[in-house]
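A.B. asks: Can you keep this structure in mind? I'll have questions shortly.
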Amino acid sequence: MSDKYKIWDHSKAYFLTLTVMGWVDVFTNKKYKFIIIDSLKHCQKHKGLVIFGYCIMSNHIHLIAKAEGEITLSDILRDFKKFTSKTIINEIINNQESRKDWMLSYFKESGKHYCKIQNYKVWQDGNHAEMIQSNKFFDIKLDYIHNNPVKELIVERPEDYIFSSARNYAGLSNYLDIVLESVKMRTYR
């Protein structure tokens, strides 16, 4: 993996992309999206995760985030992926899932060649981390995140997508609270 997309400065905010193995469309089912939302809330409340923007797509998640406190962003993301992997796999195993056999087989095969993986591998390694170094870069990445569902023809307007911080920025209710833009004023002036 390239050093270009690693988290080096844990005091800074990063644009992150967390991708499902093989780009499998896990998050077409809203119950898996809520696993992500609940886990992000937990990381905010208990681990110091600060989220400035996010979007949950069918097979990946975009975040603009940083860590505040003793736990590094890398550690938060590692724990997030580990927990959501186990929770999603348990949900697939124990509930109605039309793609159950195929998904379990695929994620099991994906984990075969990794000594740290005991059963299933849901997330690709890495987080494609890009440090937010300017207000302009923040704006570009936030617009990219919010326009992802529009580009994919899921919604007409970014704020219509329920699983995105575009709703927060538009002043609409949302399942996940975020810090609105303060990364720009507070950190990068």
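A.B. asks: What ranking do L49, L172, L104 get, fewest neighbouring Cβ atoms within 10 angstrom at the top?
C.D. replies: Arranged by neighbour count, lowest to highest, L49, L172, L104 become L172, L104, L49.
A.B. asks: Okay, moving on. For labels at S74 and K4 in the simple 7 Å Cα→Cβ model, what's the distance in nm?
C.D. replies: 2.0
A.B. asks: Consider all pairwise Cα distances in region 55-155 and report the whole-number % of them above 20 Å.
C.D. replies: 53
A.B. asks: Something else about it: Pairs to check: K4/K151; K30/K82; K31/K136. Give those whose C-alpha atoms are more than 29 Å from each other in this structure.
C.D. replies: Checking Cα-Cα distances, K31/K136 exceed 29 Å.
A.B. asks: Let me ask something else about it. At a Förster radius of 30 Å, what calculated FRET efficiency corresponds to the Cβ-Cβ distance of S173 and S134, to the nearest 0.05?
C.D. replies: Computed FRET efficiency for S173 and S134 comes out at 0.45.
A.B. asks: Shifting gears a bit: At 0.36 nm per residue, minus the direct Cα-Cα distance, what do K31 and W102 gain on full extension? Give it in nm, one decimal, please.
C.D. replies: Result for the pair: 23.7 nm of gain on full extension.
A.B. asks: If you look at just the Cα atoms of the chain, how large are its Rg and its Dmax in Å?
C.D. replies: Rg, Dmax (Cα atoms, Å): 16.4, 51.
A.B. asks: Is the shape of region 1-66 best called rounded, prolate or oblate, per the rule: a/c under 1.5 gives rounded, else a/b larger than b/c gives prolate, else oblate, with a ≥ b ≥ c the square roots of the Cα gyration tensor eigenvalues?
C.D. replies: Judged from the Cα gyration tensor, region 1-66 comes out oblate (a/c at least 1.5, b/c at or above a/b).
A.B. asks: Could you give the nm distance between label points at H42 and L180, where each point is 7 Å from its Cα heading toward the beta carbon?
C.D. replies: Computed distance between label sites H42 and L180 equals 2.9 nm.
A.B. asks: Another question, then. For a quick check of your reading of the filter: which chymotrypsin sites (Phe, Trp or Tyr not before Pro) in region 1-93 sit in a DSSP loop and have no more than 12 other Cβ atoms within 10 Å?
C.D. replies: Of the chymotrypsin sites (Phe, Trp or Tyr not before Pro), the ones in loops of region 1-93 whose Cβ has at most 12 other Cβ atoms within 10 Å are W8.
A.B. asks: While we're here: Ranking H10, H62 by Cβ neighbours within 10 Å, fewest first, what do you get?
C.D. replies: H10, H62
All of the numbers you see were taken from the coordinates with simple rules; none came from a lab. Being a predicted model, the structure only gives us computed values, none of them experimental. Cβ sites come from the backbone with ideal geometry, for glycine too, and all protein chains shown count toward neighbours.
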